[in-house]
Amino acid sequence: MQENTQTPYNIREKKEKDAAYRSLIRAELADELYDRIVNIIIVEKRYRDKDFSAKGLAAELETNTRYISAVINSRFNTNFSCLINEYRIKEALHKMKDKRYANMTIEEIGSSVGFANRQSFYASFYRIMGETPNGYRKKHTK
């Protein structure tokens with residue numbers, strides 16, 4: 001009997017990369033970009049937009065994706081996609097526990113927080129929470 005060493009949802013470990021451009025961004029610019037990124041992603045809840053991208057964010061902030069990447073990596077200690085998905089999952093967790101959203105399916109909740117499809121929602125949820133959305137919902141809606 002062969003042991004299955006592959007993780008569910010085909011999740012791979014994050015590799016640490018050392019990018020030289022991270023040290024080239026001025027501290028003042030990094031601070032300004034950080035504040036504006038927080039405002040757009042978290043305050044305005046733009047993570048809900050299925051088409052939200054680092055390229056679009058960079059264009060909106062009139063900078064480039066390397067600076068966006070450098071700020072997110074250094075200030076949030078993650079990459080753009082993981083940051084967006086973390087906020088999507090946080091909102092999904094809230095909705096799964098809130099009785100006002102009890103009539104929504106898991107797929108509808110995933111879509112409402114910005115995931116483009118069921119597979120990406122389940123994969124991100126499992127990577128962050130260590131369990132499936134259905135399993136989580138069952139535990140928290142008794």
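Note on Lys55 and Thr141: their simple-model spin labels are 3.7 nm apart, each label 7 Å out from Cα toward Cβ.
Orientation-averaged projection of segment 21-77 equals 3.6 nm² [convex hull of Cα atoms, one quarter of hull surface area].
All of the numbers you see were taken from the coordinates with simple rules; none came from a lab. Since the model is a prediction, treat every value here as computed from it, not as a measurement. Methodologically, a virtual Cβ is constructed for each residue, glycine included, from the backbone with ideal geometry; neighbour enumeration extends over all protein chains shown.
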